[in-house]
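Heads up: the structure comes next, in structure tokens.
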Amino acid sequence: MVVALAIVAVAVVVLVAAAITAVVLSGDDGEESGADPATSSSTDTTSTTSTPAEPADRYGVTVGPADAPRTVVVYEDFLCPPCGQFHRKAGARLQAMAEDGDLRLVLRPVDFLESIDVYSSNAASALFVVRDAAGDDVAARFQGLLLDEQPPESGPYPSDEDLVVLAIQAGAEESDVRAGIEGGARRALVDEATQAAQDEENITAVPSVLLDGEPFPNPGSSVDELTTALLAELE
């Protein structure tokens, strides 16, 4: 996959370049964007009346059967503009294929852009809170809403209250998720998931795709080329 080095502002890059190796795909409009559990928490911030199944993937949200013929893993940062573009171009089709049993889709959030704003981690933490409280299906809807309502990289950024509203819109119970979202209850899992993506899969760019366990190469340099090639491979 062709990647571009993150350029947010010269000052920011100078300050964080030594600590952040992640980059993101250039978007179709030529934009480039920088990129950089639940540890089963004994301090439960969710309602005891909701007991969804154990998540199928510790570091992500899973849609589709375990025995599906193909598996797609998507790494994304909720503050990354190309990730929003990937979602708008391919998200609905991938979700439909997963729901039809043709695909197992795993959505893995990372916080490569936390150096820009803590929203990168807050949104990912909120996703895990919703998943743990309401299950993967509700979390998948929440993931879509987060990218549908994605803020500009420069802000303003959604508040915790905004995240709670989207979680409720996705189907979560407010009493099950508010405290966890407002308290950043799954930030440790976000950090763990981000480190695992870098160490175990050598993920240095978002969006990144694994198809059946192997990196899916972008034939060009844009999100449009990536999604076109991926959907053609899956059809």
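Does residue 125 satisfy the condition of being buried (at least 22 other Cβ atoms within 10 Å of the Cβ) and within 25 Å of residue 188 (Cα to Cα)?
yes
Cβ contacts < 8 Å: first residue farther than 18 Å from residue 83 by Cβ, restricted to region 204-222; second residue crowded, with 22+ Cβ neighbours inside 10 Å and not acidic (Asp, Glu), any location; separation 6+ or different chain. Result?
219/226
Mind listing whichever residues of region 178-211 are outside any helix (DSSP H, G or I) and either surrounded by 22 or more Cβ atoms within 10 Å (Cβ to Cβ) or not polar (S, T, N, Q) (or both)?
Correct list: 183, 184, 185, 186, 203, 205, 206, 207, 208, 209, 210, 211.
Take the residues in region 146-161 that are part of a helix (DSSP H, G or I) and surrounded by fewer than 17 Cβ atoms within 10 Å (Cβ to Cβ); name whichever of them is nearest to the chain's Cα centre (by Cα).
148
Out of everything in region 131-145 that is in a helix (DSSP H, G or I) and of a type outside the set (A, V, I, L, M), what residue ends up being surrounded by the fewest Cβ atoms within 10 Å (Cβ to Cβ)? Before the answer, list the steps.
Initial filter on region 131-145 (in a helix (DSSP H, G or I)): 131-134, 136-145.
Now restrict to residues that are of a type outside the set (A, V, I, L, M): 131-132, 136-137, 141-144.
Working: 131: 28, 132: 26, 136: 23, 137: 16, 141: 21, 142: 26, 143: 30, 144: 18.
Of everything passing the filter in region 131-145, 137 is surrounded by the fewest Cβ atoms within 10 Å (Cβ to Cβ).
For region 70-91, which positions are surrounded by fewer than 24 Cβ atoms within 10 Å (Cβ to Cβ) and part of a loop (DSSP other than H, G, I, E, B)?
Matches in region 70-91: 70 only.
Can you go through 112, 128 and tell me which one is more than 14 Å from residue 171 (Cβ to Cβ), modelled with pLDDT of 95 or more, of a type outside the set (Ser, Thr, Tyr) and assigned to a helix (DSSP H, G or I)?
Working: 112 fails: assigned to a helix (DSSP H, G or I).
Matching residue, one of 112, 128: 128.
The values are calculated or read from the model by the stated rules, or taken from the named source; none is laboratory data. Just so we're clear, the structure is a prediction, and the values are computed from it rather than from any experiment. All Cβ positions, glycine included, derive from the backbone under ideal geometry; neighbour counts span all protein chains shown.
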